[in-house]
1. What residue among Asn117, Asn212, Asn52 has the largest mean-square fluctuation in a Gaussian network model of the chain, using Cα springs under 10 Å?
2. Under unit Cβ charges (Lys, Arg +1; Asp, Glu -1), what dipole magnitude, rounded to 20 debye, does the chain have relative to its Cα centre?
3. Counting pairwise Cα distances across the range 1-110, what percent come out greater than 16 angstrom?
4. For the range 151-220, just the Cα set please: Rg and Dmax, both in angstrom.
5. Choose one of Val82, Ala21, Val115: the residue whose Cα lies farthest towards the positive end of the charge dipole of the chain (beta-carbon charges +1 Lys, Arg; -1 Asp, Glu; about the Cα centre).
6. Below 18 Å Cα-Cα, how many Lys pairs turn up in the chain? Only count pairs eight or more apart in sequence, or on different chains, if you could.
7. Extent of the chain along each principal axis, from alpha carbon coordinates, in Å, largest to smallest?
8. Can you order the peptides 240-247, 175-182 by their average number of other Cβ atoms within 10 Å per residue, highest first?
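Readers should treat all values here as calculations from the given coordinates under stated rules, not as data from a laboratory. Just so you know, these numbers come straight off a predicted model, no measurement behind them. Please note: Cβ atoms are built from the backbone with ideal geometry, for glycine as well, and neighbour counts cover all protein chains shown.
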Amino acid sequence: MINKKTALVTGASRGIGRSIAIRLARDGYAVIITSKTAEPDNLEKGAFEVKNAIEQAGGEAFICRADISLKEERDRLIRFAVDTIGRVDLLVNNAGIEPPVLDMLEASEERFDTVVNTNLKGPYLLTQQIAKSMVKWMRDNIVESPRIVFITSVQAYMSSPKGSEYAMTKAALHMAMRNFAHRLGKENIYVFEIAPGIIYTDMSSVHEESINDMIEEGEKLITNRWGRPEDVAALVSAIARGDLDYSTGSTIEVGGGMGLPKL
């Protein structure tokens with residue numbers, strides 16, 4: 001069993017998840033890095049690059065390859081956390097997919113199922129199981145004040161007819177967060193939602209030209225820059241420290257004012 005606070009970060013091999021994992025390791029957490037793919041010989045990108053970066057900085061990291069949309073792989077991840085590591089003080093539900101833009105009138109049932117299974121069913125059921133273990137670990141004095149974070153999106157409350165499935169899953173995670181916060185409050189487990197806006201990652205960079213135009217126009221964003229993965233990681237760090245415990249059940253936007261109603 002690991003004798004230090006441990007964070008499980010899904011989708012931690014790149015982008016926002018990578019920054020969260022590195023920041024938490026810097027804060028002193030052992031980090032369980034999860035990803036659908038993990039290539040041991042690839043230190044240029046992916047899960048092992050993140051693990052290497054953490055260890056080079058003096059931190060501690062573990063890798064568990066898992067596709068959280070699949071029950072058998074979710075179960076394996078839970079066994080890894082429970083049996084191998086022996087604790088999770090912080091769960092960060094970050095893994096998700098955003099399919100190519102497509103008119104919602106043309107989208108297939110297969111596309112719908114893939115997005116819902118990865119973005120909603122996976123994190124919901126993973127949280128359910130990890131939360132049960134958190135309750136037990138608290139009663140056994142293994143962890144104290146565990147926390148759970150859902151990374152969603154401003155699209156949870158902004159319409160997107162060419163990305164309807166993605167937006168719907170993020171909106172549903174918003175309600176999942178509220179319900180978990182309600183249920184787990186009496187267990188002293190604190191639950192939060194972070195809703196990123198335009199964050200520069202390899203996923204969002206395909207829209208770089210149009211987003212740069214949006215920033216220059218200054219209509220949708222108050223700030224005049226892209227968000228950075230580190231902006232999200234800094235908020236996760238504050239949650240992990242316990243700075244926001246009394247705000248459990250809250251949604252915090254990291255979007256440069258994108259979701260602010262404007263005249």
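1. Asn212
2. Values: 31 positive and 36 negative charges, 236 e Å.
Charge dipole, the chain, about its Cα centre: 1140 debye, nearest 20.
3. On the way: 3478 of 5995 pairs.
Tail fraction, whole percent: 58.
4. Expressed in Å, the Cα Rg and Dmax of the range 151-220 come to 15.3, 47.
5. The residue sitting most towards the positive pole is Val82.
6. 17
7. For the chain, the Cα spread along each principal axis is 53, 44, 37 Å.
8. Details: 240-247: 13.2, 175-182: 17.8.
In descending order of packing, they fall as 175-182, 240-247.
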